[in-house]
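Below you'll find the structure, written out as structure tokens, and then a few comments.
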Amino acid sequence: MDLKSRLADPREPVFLYGTTPPRAGAPRQQVEAAAEKLAARLRGLPVHGIVVYDIQDESGRTSQPRPFPFTGTLDPRQYSALLRERTGLAPITYKALGNMDEAAWQAWLVESAQADLRLVSVVGRPTSGIKYPLALSRAVRLAAEHPARFTVGGVVIAERHNDERSEAARLLAKAVEGCGYFISQAVYHAPPTQRLLRDYLRDCRGAGIPPRRVVLTFAPCGREKTMAFMRWLGVNIAPETEGAILGAANPIAKTIEICRDNLRRILDQPYADQIPLGVNVESVSINRDEIDASVELVHSLREVLQAK
């Protein structure tokens, strides 16, 4: 079954691996070497596709200083095509809209269709309160209605779901606009995701709309600097979780244990039989032990899914 069909079929499991393209301007040999290393890492792993992120400067989202300097990356479509060639796996390509207007977006869609990259996750802007030339909702609708028949996804952040702002309502609206699946921010605290999924199912039932696929992201984190970066990105890491990881004799093993426990907690709820879920394992680190841990995490979380 291809990834497009798998994402749409609530009976099928979905397991993904997320990666970031090499830095912009990297020599071709370096890019190809990075792709080959990742392909070697993925060989034999039980994943159905690769998520290729589009990194944007999010300094306007928070007043906190960025732990690492922002560095632009290679066009995610270029890396998606290379990884597809090296792995045989279908890529989901992220696209941050930035300051694109409708004409530029239409051109991007045409180019992506020509490259046969039709699984796309559309990312909005990190700074709210600013009027951009192309609204996220309009961009999603244009992609979903495009003759190339894109499968369009969106981002879900459970921590945004509260009494003042309903992320569940946003998911419903995005589904109406054309989103067929959602990929979450990294999960390090189960309760916000539990609450979001519970309310999302309730709202879907109220609207008479079937829930879309929600892919939950998990990432190993065994270093203080990695943790600081994830926090800066908006990942909810409780102080007691940070203490448990950094104070462990083997922080990497502890982080895998915590991710397993969070997935179990999320799946151990009534909504889990009604919402098609999935798992995405990503590595946000350049450190070898944390990258290796992402491979171990794939196997570990698959065991949790199979036991469900």
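Overview of results
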| quantity | calculated |
| --- | --- |
| Residue within the stretch 153-162 that is at pLDDT below 95 and polar (S, T, N, Q) present | yes |
| Pairs where the first residue, in the stretch 282-308, is on the phi < 0 side of the Ramachandran plot and crowded, with 17+ Cβ neighbours inside 10 Å and the second is of a type in the set (S, T, N, Q) and in a helix (DSSP H, G or I), C-beta under 6 Å, 6+ apart | Ser283/Ser294; Ser285/Thr226 |
| Pairs with Cβ under 6 Å, 6+ apart, first in the stretch 142-154 and in contact (Cβ under 8 Å) with a residue 40 or more places away in the chain, second crowded, with 17+ Cβ neighbours inside 10 Å and among the small types (Gly, Ala, Ser) | Phe150/Ala143; Thr151/Gly180; Gly153/Ser121 |
| Tally, over the stretch 151-186, of residues that are over 18 Å from Val14 (Cα atoms) and among the hydrophobic types (A, V, I, L, M, F, W, C) | 9 |
| Glu240 vs. criteria surrounded by fewer than 16 Cβ atoms within 10 Å (Cβ to Cβ), at pLDDT 95 or above, assigned to a helix (DSSP H, G or I) and out of contact with any Ser or Thr (no Cβ under 6 Å at 6 or more places or on another chain) | no |
| Answer from Pro220, Pro211 - the residue that is in contact with an Asp or Glu (Cβ under 7 Å, 6 or more places away or on another chain) and not small (Gly, Ala, Ser) | Pro220 |
| Lone unmet requirement of (1) in contact with a Ser or Thr (Cβ under 8 Å, 6 or more places away or on another chain); (2) farther than 20 Å from Val215 by Cβ; (3) in a loop (DSSP other than H, G, I, E, B) for Pro21 | (2) |
| Failed criterion for Leu45 (all others in (1) more than 25 Å from Arg302 (Cβ to Cβ); (2) modelled with pLDDT under 95 hold) | (1) |
| Qualifying positions in the stretch 197-234 - crowded, with 20+ Cβ neighbours inside 10 Å, free of Cβ contacts under 8 Å to residues at least 60 places away in the same chain and assigned to a loop (DSSP other than H, G, I, E, B) | none |
| Counted residues, the stretch 25-42 - those being crowded, with 17+ Cβ neighbours inside 10 Å and closer than 15 Å to Gly88 by Cα | 5 |
| The stretch 152-186, subset in contact with a strand residue (DSSP E or B) (Cβ under 9 Å, 6 or more places away or on another chain) and among the β-branched types (Val, Ile, Thr), residue surrounded by the fewest Cβ atoms within 10 Å (Cβ to Cβ) | Ile157 |
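The values are calculated or read from the model by the stated rules, or taken from the named source; none is laboratory data. For clarity, every value in this text was computed on a predicted model and none was experimentally measured. Using ideal geometry, Cβ is built from the backbone for each residue, glycine included, and neighbour counts are taken over all protein chains shown.
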